[in-house]
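Report on the structure given below.
Bear in mind these aren't lab numbers, they're just calculated from the coordinates by the rules spelled out. Keep in mind that what you see is a predicted model, and the values were worked out from it rather than measured. Reconstructed Cβ throughout: ideal geometry from the backbone, glycine too, with neighbour counts over all protein chains shown.
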Amino acid sequence: MKKKMTPFGVITIILLSILTVLFVFPFYWIMTGSFKAQAATIAIPPQWWPTAPTLENFTKLLVQNPVDAACVLPSIHDRLQLFQLVRSHFFQK
C-alpha cells in the first residue's frame, strides 16, 4: 500500500531538493571551471558547461608550479587514503 503524501512531506521534499542544489552547485562549478580556459571562467554571462574543454589548468599546476603541485598532490593522496580506511572500516565483512 502506498502512503498518502502529506503537505509536510511535500514541503520537506521541496526544501531538501533546494538545499541539495545549493550544496552541490559549488562543486559542479569548481569541476567545470577546472576544464575551462580563464576567459571562459570569468565570462559574463557565465558559461555553464565548457564548450572547449582543456587540461591547461592542470598543466599549469603540475608543470609550471611544481611547488603548488607538491602541496596539492599529497593532500589528495592523504584524502584518498582516509577514504579507503573509512570505507574498509564500514564495509568489512
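Under a plain spin-label model, where a point goes 7 Å from the Cα along Cα-to-Cβ, how far apart in nm are PHE25 and THR54?
2.7
Net charge around VAL86, counting only other residues with Cβ within less than 13 Å of its Cβ (Lys, Arg = +1; Asp, Glu = -1)?
Every neighbour counted, the sum reads +1.
Could you please tell me the mean projected area of the C-alpha convex hull for region 5-53, averaged over all directions and given in square nanometres to one decimal?
It is 4.4 nm².
What FRET efficiency do you get for GLN64 and ILE44 if R0 is 22 Å and r is their Cβ-Cβ distance, rounded to the nearest 0.05?
Efficiency for this residue pair is about 0.20.
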